[in-house]
């Protein structure tokens, strides 16, 4: 196989990573411009660091994957989206559980008060 044929075979993978890098750069610009002052954004970053410390090698924030690993950009972006879905899903489930517990306690308190 000639060198030009080899380079043509790797082009789709390189383009995919170049496109992912461009998307990451735009996302980073928007994040720096619009989100860094947000308390929610800062809480998410703290949660990222907490999960990274609690699950080393399993949970990696996007910044860590892009800056400190050799994970291709497209793969890092996919993994970050997947991890975000898991984290947000867990937070929603935890919120629903907390609301259900509070409602149960309120119902129990009202029942006890009405029995008096």
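The values are calculated or read from the model by the stated rules, or taken from the named source; none is laboratory data. Predicted model only: the values in this text are computed from it and were never measured. We place every Cβ from the backbone using ideal geometry, glycine too, and count neighbours over all the protein chains shown.
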Q | Index of the failed condition, residue 27 passing every other in (1) modelled with pLDDT of 95 or more; (2) loosely packed, with under 13 Cβ neighbours inside 10 Å | A | (2)
Q. Do any residues in the stretch 73-86 that are on the phi < 0 side of the Ramachandran plot and buried (at least 18 other Cβ atoms within 10 Å of the Cβ) have Cβ atoms under 9 Å from those of residues that are at pLDDT 95 or above and outside any helix (DSSP H, G or I), where the two are at least six apart or on different chains, and which pairs are they?
A. 76/60; 76/69; 80/60; 80/61; 83/59; 83/60; 83/61
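For residue 58, are the conditions met, namely being within 11 Å of the chain's Cα centre (by Cα) and either in contact (Cβ under 8 Å) with a residue 60 or more places away in the chain or exposed (fewer than 15 other Cβ atoms within 10 Å of the Cβ) (or both)? First the steps, then the outcome.
Numbers: within 11 Å of the chain's Cα centre (by Cα): no; either in contact (Cβ under 8 Å) with a residue 60 or more places away in the chain or exposed (fewer than 15 other Cβ atoms within 10 Å of the Cβ) (or both): yes.
The answer is no for residue 58.
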